[in-house]
Amino acid sequence: MKERSVLFVFALLSTALLIYLSIPNFLENKKINALLEKIDFLSENNEEKPGGKVDFEEENNNDNKNGEEEKEETEPNNPTEEPPKKEEEKEPPNNDNQHEEQLPSKTTFHAYFNANGAEGKTPSTVSCETTGNSCTITLPNMETDREFLGWSLNKDSTAPTLTSGTSVILSANRTYYAITRKNYTVTLVGNGSFVGNEKKVCSVYNTNTTCQITLPDLKKDFYTSWGYNFDPSSDSIEYGINTTLSVNSDQTLYAIRKIDTSIYDKYSNVALDVFNKINALRTSRGLPALNYSKSLELSAMLRISEIAQNYNYTVNGDRHIRISNNEPFYTVNELAYGENYFRGYGCDAAYFHDSFVASPSHLENMLRTDINIAGISVGVKEGQCYIVELFGIQ
């Protein structure tokens, strides 16, 4: 009976002690459950320490301490490891590129070159690089069939603003245009006019192919009207004085003296017959035949206009004087070296020729050995027929 009482009291005390101990542990139920789950996991995977004991006792002891505050989640479970540094105290990653100096970007500018109508080898594009806003290049030369003057940003310019070898600053892409020139010369031959040979020069630039000149007034004589023709033997004026001529090559124009043809055209056949008779005479004497000169023919017609005003006009006994200016006959044409003239009542070639042959001074002119050209005119004024023969050297 006594033993039962003792067992009853022991059971009662045990129960009371169990209840007392269960109250605080209930509060930790969640942690205990988590710990049990961990134990189950470790048991299933047989992850035991060398002594066969599972390494969970330390964590369990920390979780079950009464009155102690929970550790920070960042605190390591292994007391031998250094605690991690705070966010702001972490060392930057070891990035070598982070400490390298960032190089500035480069810009490339190009200079382009345009032949601008000239034929030749166009220079290659010239480029330069810069880390700033501009860079410098040197302008090249250009080989061309024309005269190369230089470069310009204006393709229509006739005067370059820059020459080859000049250093220029590029702050953007640029196109430079070649400025080129070609000169054309127009030679104006006096064609016996005592004005000499005059040259007119004009220039074509860049893409242009023609230039212009104005034909000058070469008028020298009161009886002469001047003009020009490409044919030196013509008596017609193709280009009048003060005419603007477009030129695309070197050219030669011959001065033409236009005479009043109201008496000239009517008897040109008689003048030609007389010329042929002179050559027949020369060849019979062993002399070369003369070439016909249209320039001298026109000057002979001018002399008829003067002589017909006063057939007996003389200066100091010299009949071969021009009534217009009292100058010798040869001033009518710089090619003239000898003159025969005569007035008759009929325009007959044989009559005129025979009359000159019968006169020693006139015959001498026709047989001169230093002359090689001749021009003859025959015309009528007031019923009388006039002939003028001019002999010259060309």
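The values are calculated or read from the model by the stated rules, or taken from the named source; none is laboratory data. All figures in this text were calculated on a predicted structure; none of them were measured in a lab. When we count neighbours, we look across all protein chains shown, and the Cβ atoms used for this are built from the backbone with ideal geometry, even at glycine. SASA here: full protein model, heavy atoms, side chains in, ligands and nucleic acids out. Shrake-Rupley method; radii C 1.70, N 1.55, O 1.52, S 1.80 Å.
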**OP:** Enumerate the pairs (first residue in the stretch 112-138 and closer than 24 Å to L149 by Cβ; second residue anywhere and outside any strand (DSSP E or B) and of a type in the set (D, E)) with beta-carbon separation below 7 Å, excluding pairs fewer than 6 apart on the same chain, so at least 6 apart or on different chains.
**Re:** A118/D145; E119/D145; G120/D145
Subject >> Positions within the stretch 183-209 being of a type in the set (S, T, Y) and open to solvent by 60 Å² or more (accessible area, probe 1.4 Å), in sequence order >> reply: T207, T209
Original post:
How many residues are basic (K, R) and more than 18 Å from T158 (Cα to Cα) when one looks only at the stretch 116-146?
Top reply: 1
Subject >> Given (1) under 17 Å from I278 (Cβ atoms); (2) of a type outside the set (G, A, S); (3) in a loop (DSSP other than H, G, I, E, B), number of the condition N365 does not satisfy >> reply: (3)
Subject >> Flag for T136 being in contact with a Lys or Arg (Cβ under 6 Å, 6 or more places away or on another chain) and part of a strand (DSSP E or B) >> reply: no
Subject >> Residue list for the stretch 363-385, filter: open to solvent by less than 10 Å² (accessible area, probe 1.4 Å) and in contact with a Cys (Cβ under 9 Å, 6 or more places away or on another chain) >> reply: V378, G379, C385
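Here is a yes/no grid of residues against (1) open to solvent by less than 60 Å² (accessible area, probe 1.4 Å); (2) at pLDDT below 85; (3) farther than 13 Å from S299 by Cα; (4) touching a strand residue (DSSP E or B) at 6+ places or on another chain (Cβ under 7 Å):
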residue	(1), (2), (3), (4)
T214	no, no, yes, yes
D217	no, yes, yes, yes
F222	no, yes, no, no
Y228	yes, no, yes, yes
S233	no, yes, no, no
L245	yes, no, yes, yes
Y264	yes, yes, no, yes
I278	yes, no, yes, yes
